[in-house]
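> Right, I'll just put the structure down here and ask away after.
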Amino acid sequence: MMTIRRPWIVSLSAASLAAFLAGCGQQATDTPPAQKTPAPAADPAQPGPKVFRENWPDKVPTRGLAKGLTLPLETYMPSYADEITVQQARDTAEIACMRRYGFDNWRTEDLGTAPPLAANASNMPRRYGLTDLAEAKEYGYRPPHPGRESTPPPELYAPDAVTVLQARQGGSTITSFKGKALPEGGCIGEVDRKVGTLDADLVERLSAESFERSQETTAVKAAMGQWSLCMKDRGYQLNNVWDTDKLHSPAAGTASSEEIELATADVECKTTTNLIKIWFDEEAAIQKQLIKENQSNLDKARSRKNSALSSASAINTAAR
């Protein structure tokens, strides 16, 4: 029986306590391992967070077997750039709010320092496993660009700061801090009302559903079988592309020569069997049907996304 694997979900690293408290910050499986850097120096004159844009993913893959591929549901997905835009505005609004309550040096973490390999949650460059032969030959299954994760400013978790951020103290809701009225829900509540968030629950759920269903199609099973036979000829006993995970150690510092040989064979067999194009075509057909079935709700979610981006862009422009 074929093992069904969900695509790795791309999501933004937590950049403030607001995201931390909301349970955000899940890193994608194939997000480059981050190297920690010191917290940014406090700069009272800076109205928003620092944004780094090095090694951000292309909107559409430009290399490998996934080059030019875009699934129908991607039209409705927030991109990594969208997430950064909204988080930048949220952090800018948070900084302004916190400074009103005496936190003059309030800062948030840098943004964009550990970009994922894909522009959105479809994770097209590696949705169907490794697809870039050049990357396979150089990095094995590892990401080509290590990121750097900023250390949160030390005042981020100070008790008074948490009180102002949440408008809560000792488990109870409060309405003022040192005699000054607090916004409902604290600074986090104020940020939510000013900026909002990007709601991608529906589109990501449908994307995961199409991914699972595509693996059960006759065409994909046949192509996967051909890939398995190709890998057997190379000396590897593997039933599907996910079984490669069992033959290399992601925990190791760098890819071994054995891992690189495996990764190279993997992509070469995907090439000769046309597995990626077959898989993509099958899933694209499934997604088109899912869009028809969920058109109204998808349009509403996209409208909310566009509204949040509009508000965020206005805040970011004003802060420049």
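> Can you list residues from other chains, or at least 5 along the same chain, whose modelled amide H is less than 5 Å from the amide H of residue 168?
Result for residue 168 returns 174.
> Compute the Cα gyration tensor for region 139-282, then decide on rounded, prolate or oblate, letting a ≥ b ≥ c be the square roots of its eigenvalues: rounded whenever a/c is under 1.5, prolate when a/b is larger than b/c in the other cases, and oblate in all that remain.
The shape class here is prolate.
> Can you work out ³J(HN,Hα) from phi for every residue in region 269-282, in order, using Karplus 6.51 cos²θ - 1.76 cosθ + 1.60 and θ = phi - 60°, giving whole Hz and x for Gly and Pro?
Taking θ as phi minus 60°, the curve returns 6, 5, 5, 5, 9, 6, 4, 5, 5, 4, 5, 4, 4, 5 Hz for region 269-282.
> Then there is this: Using packing as a proxy for protection, rank 101-112, 79-90, 251-262, 121-132 so that the peptide with the highest average count of other Cβ atoms within 10 Å comes first.
Put in order of decreasing packing, that is 121-132, 79-90, 101-112, 251-262.
> Starting from 0 in steps of 5 Å, tell me what percent of the Cα-Cα pairs of region 212-264 lands in each bin.
4, 18, 25, 20, 14, 11, 6, 1
> For the residue pair residue 53 and residue 168, what label-to-label distance in nm results when each label sits 7 Å from Cα along the Cα-to-beta-carbon direction?
3.7
> Checking the a/c ratio against 1.5 first, then a/b against b/c, what shape does the Cα gyration tensor give for region 228-320?
oblate
> Once you place label points 7 Å from the Cα toward the Cβ at residue 145 and residue 246, how far apart are they in nm?
3.4
> Which shape class, rounded, prolate or oblate, goes with region 18-318 when its Cα gyration tensor gives a ≥ b ≥ c as root eigenvalues, a/c under 1.5 marks rounded, and past that a/b bigger than b/c marks prolate?
prolate
Throughout, read-outs are computed from the coordinates displayed, never taken from laboratory work. These numbers come from a predicted model, not from an experiment. Using ideal geometry, Cβ is built from the backbone for each residue, glycine included, and neighbour counts are taken over all protein chains shown.
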